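Undergrad: Attaching a single structure in structure tokens format; questions to follow.
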Amino acid sequence: MLSIQHTTVGLRLMAGLLLVVASAAPSLAAEKPNILIIFTDDQGYADLGCYGSPTNKTPRLDQLAAEGTRFTSFYSQTVCGPSRSALLTGRQPIRSRGWGMPASEITFAELIRPAGYQTACIGKWDVSNRKAIIERMPLAQGFDYYFGTLGANDNGKVAFHENDEPAGSTRDMGSLTELYTDKAIDFLRQRRDPDKPFILYVAHTMMHTIIDASDRFRGTSDGGLYGDVVEEFDFQTGRLLDVVDELGLRDDTLVIYTSDNGPWNQDKYTKRKKGHPEGSIFWGDAGPLRNGKGSPYEAGYRLPCIVRWPGKVPAGRVSDAIFATIDFMPTFANLAGYAIPDDRRIDGIDQTDLLLGKRDTGRDFFYFSRAGVRQGRWKYLKADAHFHGYAVEDDRPKAEELYDLAADLGEQQNLAAKYPDKVAELRDLMRSIEGTDALRPQDSIR
């Protein structure tokens with residue numbers, strides 16, 4: 001088994017080397033940043049103090065926002081596996097296949113490693129059908145080191161892998177946030193090659209059901225058990241950031257904090273979910289946004305995102321530019337000096353200038369998988385927009401929808417009948433996105 005694994009990894013490394021071009025972004029490649037991605041699970045748009053939470057105390061993430069840029073129109077995906085495949089590949093889940101992401105997909109880790117980076121993944125993987133399929137696990141997809149769980153914790157238990165080997169299991173959900181943080185700190189202190197830049201992807205299990213906090217935090221917040229989990233996540237993230245500082249890496253590290261999808265806050269889910277302490281609230285706060293996880297409305301896709309890189313990313317800035325996890329891979333290409341694949345359609349765009357404050361605008365549009373599209377202030381949903389079952393609104397008419405998000409962030413006033421030309425325009429845009437997985441068009445739209 002090991003010889004097969006090493007052959008597979010070697011072939012993928014050779015493929016990655018062929019994609020590197022010496023001319024890619026020479027000015028930025030000379031100062032390649034470390035990249036730290038902190039990716040939480042099922043967290044609501046308004047769960048943090050800096051995003052409007054009146055109850056959750058999140059001083060470390062609020063501080064991170066003050067030290068960097070806070071994005072208010074940032075999009076991930078609406079459920080777990082598709083969110084991760086989109087982040088890793090820069091491709092919409094209709095192409096990258098979500099939980100079933102094939103080994104043929106190319107991740108940012110595969111591309112950035114031949115550009116001189118050390119790569120590590122800690123936490124929830126969730127793109128190998130939650131199974132130990134070697135060619136679809138982190139090491140075969142470009143990571144030098146992995147510790148975490150291949151799937152979710154829906155039944156209150158997780159099984160760990162370290163690299164490609166089983167590494168035990170636990171039913172103590174309250175231990176996971178600290179455990180993943182400890183593993184990330186161990187990478188920085190013990191496993192990191194000081195002669196290389198690194199990319200460290202930390203994908204937390206919390207706040208995915210079944211939630212829990214450690215004894216130190218359980219019962220300490222004003223937000224019930226969910227608030228305890230949010231505040232513990234904030235504390236542990238602070239520990240990780242402190243180690244970045246302690247090791248003298250702060251000024252050279254691009255830190256990205258965001259989440260995979262919105263909160264599980266629908267009655268169809270919460271009333272039947274078992275395994276939580278009786279009476280506990282185990283979903284996040286979507287703030288002014290409609291619906292939640294599994295929905296193509298804003299609360300399913302729009303997430304907090306904070307980016308810090310001292311001296312490069314403007315501090316104290318709030319940006320409403322459209323930005324998305326699918327943009328990470330091509331943005332890292334500019335920053336790290338690798339070429340993006342040219343044999344498949346890449347949906348992400350290079351957002352380096354947006355991050356560095358050289359441009360105020362972001363994406364022209366964002367696509368909601370099998371559901372619709374946003375362009376500027378306008379959002380279109382098709383009549384048969386895809387909802388996961390627990391997110392279906394039974395009283396929603398099977399009709400096309402058009403919303404002016406600048407005036408109606410909560411998506412309450414359907415303007416489709418008033419602006420038929422805009423509906424037709426956005427319908428055509430949606431179909432153009434869905435139409436092909438061919439080579440990236442030379443005149444591709446953003």
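The values are calculated or read from the model by the stated rules, or taken from the named source; none is laboratory data. For clarity, every value in this text was computed on a predicted model and none was experimentally measured. As a convention, Cβ positions derive from the backbone with ideal geometry for all residues, glycine included, and neighbour counts pool all protein chains shown. Calculation scope for accessible area: heavy atoms of the full protein, side chains included, ligands and nucleic acids excluded. Shrake-Rupley method; radii C 1.70, N 1.55, O 1.52, S 1.80 Å.
Undergrad: Consider segment 101-127. How many of its residues are buried (at least 21 other Cβ atoms within 10 Å of the Cβ), over 17 Å from Ile38 (Cα atoms) and among the hydrophobic types (A, V, I, L, M, F, W, C)?
TA: Of the residues in that region, 6 qualify.
Undergrad: Given the conditions (1) of a type in the set (Phe, Trp, Tyr); (2) within 29 Å of Ala86 (Cβ to Cβ); (3) surrounded by fewer than 24 Cβ atoms within 10 Å (Cβ to Cβ), report the number of the one that Phe233 does not fulfil.
TA: Phe233 satisfies every listed condition except (3).
Undergrad: Scan segment 100-125 residue by residue and report those that are part of a loop (DSSP other than H, G, I, E, B) and touching a strand residue (DSSP E or B) at 6+ places or on another chain (Cβ under 8 Å).
TA: Within segment 100-125, Arg113, Tyr117, Trp125 qualify.
Undergrad: Counting only residues that are surrounded by fewer than 24 Cβ atoms within 10 Å (Cβ to Cβ) and out of contact with any Leu (no Cβ under 7 Å at 6 or more places or on another chain), how many does segment 42-59 have?
TA: 9
Undergrad: With (1) in contact with a Pro (Cβ under 8 Å, 6 or more places away or on another chain); (2) open to solvent by 20 Å² or more (accessible area, probe 1.4 Å) as the list, and His276 as the residue in question, which single condition is left unmet?
TA: Unmet for His276, out of (1) in contact with a Pro (Cβ under 8 Å, 6 or more places away or on another chain); (2) open to solvent by 20 Å² or more (accessible area, probe 1.4 Å): (1).
Undergrad: Additional query: Mind listing whichever residues of segment 29-64 are in contact with a strand residue (DSSP E or B) (Cβ under 6 Å, 6 or more places away or on another chain), closer than 20 Å to Leu200 by Cα and not β-branched (Val, Ile, Thr)?
TA: If the condition is that a residue be in contact with a strand residue (DSSP E or B) (Cβ under 6 Å, 6 or more places away or on another chain), closer than 20 Å to Leu200 by Cα and not β-branched (Val, Ile, Thr), then Pro33, Asn34, Leu36, Phe39, Leu64 are the ones that fit.
Undergrad: Answer yes if at least one residue in segment 283-297 is farther than 21 Å from Pro54 by Cα, in contact with a helix residue (DSSP H, G or I) (Cβ under 7 Å, 6 or more places away or on another chain), part of a loop (DSSP other than H, G, I, E, B) and among the polar types (S, T, N, Q), and no otherwise. Talk me through it step by step, then tell me what you get.
TA: Let us first name the residues in segment 283-297 that are farther than 21 Å from Pro54 by Cα, namely 293-297.
From what is left, the residues that are in contact with a helix residue (DSSP H, G or I) (Cβ under 7 Å, 6 or more places away or on another chain) are 293-295.
Filter once more, keeping what is part of a loop (DSSP other than H, G, I, E, B): 293-295.
Narrowing further to those that are among the polar types (S, T, N, Q): 295.
Within segment 283-297 (the criterion being farther than 21 Å from Pro54 by Cα, in contact with a helix residue (DSSP H, G or I) (Cβ under 7 Å, 6 or more places away or on another chain), part of a loop (DSSP other than H, G, I, E, B) and among the polar types (S, T, N, Q)), the answer is yes, since at least one residue qualifies.
Undergrad: Just checking, which of Gly174, Gly151, Gly156 is within 23 Å of Pro82 (Cβ to Cβ), touching a residue at least 12 places away in the same chain (Cβ under 8 Å) and among the small types (Gly, Ala, Ser)? Step through it out loud before you land on a result.
TA: Numbers: Gly174 fails: within 23 Å of Pro82 (Cβ to Cβ); Gly156 fails: within 23 Å of Pro82 (Cβ to Cβ).
Of Gly174, Gly151, Gly156, the one residue that is within 23 Å of Pro82 (Cβ to Cβ), touching a residue at least 12 places away in the same chain (Cβ under 8 Å) and among the small types (Gly, Ala, Ser) is Gly151.
Undergrad: Which residues, taken from segment 211-251, are out of contact with any His (no Cβ under 9 Å at 6 or more places or on another chain), in a loop (DSSP other than H, G, I, E, B) and not aliphatic (A, V, I, L, M)?
TA: Within segment 211-251, Ser214, Asp215, Arg216, Phe217, Arg218, Gly219, Thr220, Ser221, Asp222, Gly223, Gly248 meet the criteria.
Undergrad: Yes or no: segment 203-214 includes at least one residue that is of a type in the set (Gly, Ala, Ser), surrounded by fewer than 21 Cβ atoms within 10 Å (Cβ to Cβ) and touching a helix residue (DSSP H, G or I) at 6+ places or on another chain (Cβ under 8 Å).
TA: Yes, the conditions are met somewhere in segment 203-214.
Undergrad: For Asp242, state whether it is open to solvent by 10 Å² or more (accessible area, probe 1.4 Å) and modelled with pLDDT of 95 or more. Give the derivation first.
TA: Details: open to solvent by 10 Å² or more (accessible area, probe 1.4 Å): yes; modelled with pLDDT of 95 or more: yes.
When the stated conditions are applied, Asp242 passes them.
Undergrad: At pLDDT 95 or above, under 17 Å from Gly348 (Cβ atoms) and in a loop (DSSP other than H, G, I, E, B): does that describe Arg84?
TA: No.
Undergrad: Just a yes or no: is a residue in segment 86-100 in contact (Cβ under 8 Å) with a residue 12 or more places away in the chain, buried (at least 22 other Cβ atoms within 10 Å of the Cβ) and of a type in the set (Phe, Trp, Tyr)?
TA: No.
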